Amino acid sequence: MTGLFQPGPVLAAMLRHKTGPLLVALQVALSLAILCNAMLMISERLSMAARPSGIADEQDVFYVHVSNQKVDGHEAQLAMQKQEEQTMLAVPGVEGVARTNSVPMSQSGWYNSLSQTGEPESATVTAAAFMSPGSLISVWKLKLTEGRDFLPEEVMEADSKAMNSLPGVGVVTRALAKRLYPNDSSYVGKYFYNGRGSGADRIRIVGVVDHIQSPNANAGPDDGLGFILPIRATQDPYSGYTVRARAGQADRVMRDVTAALRKASVTPLKVDMRSVPQIRADRYRNDYGMSWMLIAVCGLLFLVTATGIIGMCSLWVSQRTRQIGIRRALGARRIDILAYFLTENFMITTAGIAAGILLALGLNQVLIRTFEMAALPPQYLLLTPLVFWLLGLLSAAAPSWRAACVAPATATRTV
C-alpha cells in the first residue's frame, strides 16, 4: 500500500463486505433525493412570499379599519369618512391617506368578472377590484407606466347597498391590460366591461400601473390582474383606510393615529391596525412555517447521514486495527492509511450520489404530477453532490486519522 489513491484494492475489500457500504450508500441516496426536492420547495415558497406587492416601501404603509358604533345615513357617513381622513392627515408623520375596500395580501377583497366587449358570449377574466376615492397610486407609490391618476370630479359617491353602476373610468394593472388586449402595447383610452350583456358597466382606461398584488396573493400569472375604481361607498363595514407614514416613523404614527381617531370621535371606536409587513407575514405564515420545517428536516438528514458515515467508518477502523498495524509494519505511511479510508468513503459516497440523483429526479416527477411543483433545476443536481462529497469527507476524516495514528507495535499485538 504505497500509493495514495488505489481504488482497485479498496473496491475489492468492499465487495467482500457489501452490507456496510450498501447501507451507507443507500442512506446518502435517500438523503440526497429528499434534500434536492426539499431545497426546491423551500426556494419556491420563499420566492412566492417575497414577491412584490406593488406597494413601495411596505414598512411605511399600514391599514386602518375603524368600527364606529354610530350608524347614520348616507350623507352622515360620507361626512364621517372625510372627517376621519382629515384627522389622520393632521397627525405628524402621515404622508397620505386613502379609503379602500382592500389591500394586497390581506386575504379579503372583491373580484369582478371583466371582458373586452361586454357581449354575452365574450370571454371574461377575473380581476381584483380596488375601490378608493383617494389616490392609491400616491399612497402606495404605484408605478404609473401610462396615463394618469383619477381627477376629483371622477370620484363616485354612492350607497353600497343601492349602487347599481360603476364609475366610467378605471386604472388597470399592466397584466390585466395585456390580458384584455393581448395584441396591443398602449391601453389608455381603451374600454373594458364589468360583466356581460346589457347590464355591463363600460369603463374607460385612464391609467396603467405596473403591478398590484391581489388580496389572495395566489401563485401564478393571474395574481397581477387588478384594477382601481374611484368610489367612495357608504354602508360598507368592511372598508378601511390605507396610510403612508414618513420613512421610519410607522410605529409611532400608528399609535398617534389611533389616539387621534378616538379623540376626534364623539362615540366609542374600535380601531384595528396592521402594517403591510404584518399583512405579508400573516398571508405567508404557512409558507414560512413549511420552509422552516423543511430546513429542519434537511438539517436532520445531514446529521443522520454524517452520523452514519462516522459510525460505519469507526467500525471499519476498529475491525481492521490488526491489518492497519501489519501494513504500517510493512512500510505504509500514515498518509497511505488515511488515503485508503478516505478513498473508500469517497467511492461509497459517489455510489450513493449516483443513485440519489436518479431518485431525486423520480421523486421530482411525482411531485410535479401531484403538486404541480417545478422541475429540478440543473444547478441543484450539481450543487447537492458537492455538499454530500464534502459531508462524507468531513465525517470520515476523524476516524480515518485515528486509523492512520495507530502504532504498528500496538496494532500487531491486537488479535
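The values are calculated or read from the model by the stated rules, or taken from the named source; none is laboratory data. This one's a predicted model, so the numbers in the text were calculated from it and none came from an experiment. Cβ coordinates were reconstructed from backbone atoms using ideal geometry, including for glycine residues, and neighbour counts include every protein chain displayed. Please note that ligands, DNA and RNA were not included when accessible areas were found on the heavy atoms of the full protein model with its side chains. Shrake-Rupley method; radii C 1.70, N 1.55, O 1.52, S 1.80 Å.
The mean sequence distance of close C-alpha pairs (under 8 Å, at least 6 residues apart), as a share of the length of the chain, puts its relative contact order at 28 percent. Over the chain, DSSP H runs of length four or greater, each weighted -39,500 (n - 2.57), average out per residue to a 222 nm ellipticity of -16500 deg cm²/dmol.
Highest average first, the peptides 185-193, 250-258 ordered by how many other beta carbon atoms sit within 10 Å of their residues are 250-258, 185-193. Under the simplified labelling scheme, the residue 263-residue 286 pair shows an inter-label distance of 4.3 nm, with each label point 7 Å from Cα along Cα→Cβ. Surface composition of segment 181-333: carbon and sulfur make up 54 percent of the accessible area, probe 1.4 Å. Rg of the Cα atoms in the chain, relative to 2.2 N^0.38 Å, amounts to 1.51. For segment 34-93, the solvent-accessible area with a 1.4 angstrom probe is 46 square angstrom per residue.
Per residue, what volume in Å³ does the convex hull of the Cα atoms of segment 184-327 enclose? Don't skip to the answer; put the middle values down first.
Numbers: hull volume 46.6 nm³, N = 144.
For segment 184-327, the hull spanned by Cα atoms encloses 324 Å³ per residue.
The GNM of the chain, with springs linking C-alpha atoms under 10 angstrom apart, assigns the highest mean-square fluctuation among 36, 405, 298 to 405. Rolling a 1.4 angstrom probe over the protein heavy atoms with all chains in place gives segment 146-229 an accessible area of 45 Å² per residue. With the simple model of a label 7 Å out from the Cα in the direction of the Cβ, residue 157 to residue 389 spans 7.3 nm. Peptides 384-390, 217-223 ordered by packing proxy, namely the average of other Cβ atoms within 10 Å per residue, highest first: 384-390, 217-223.
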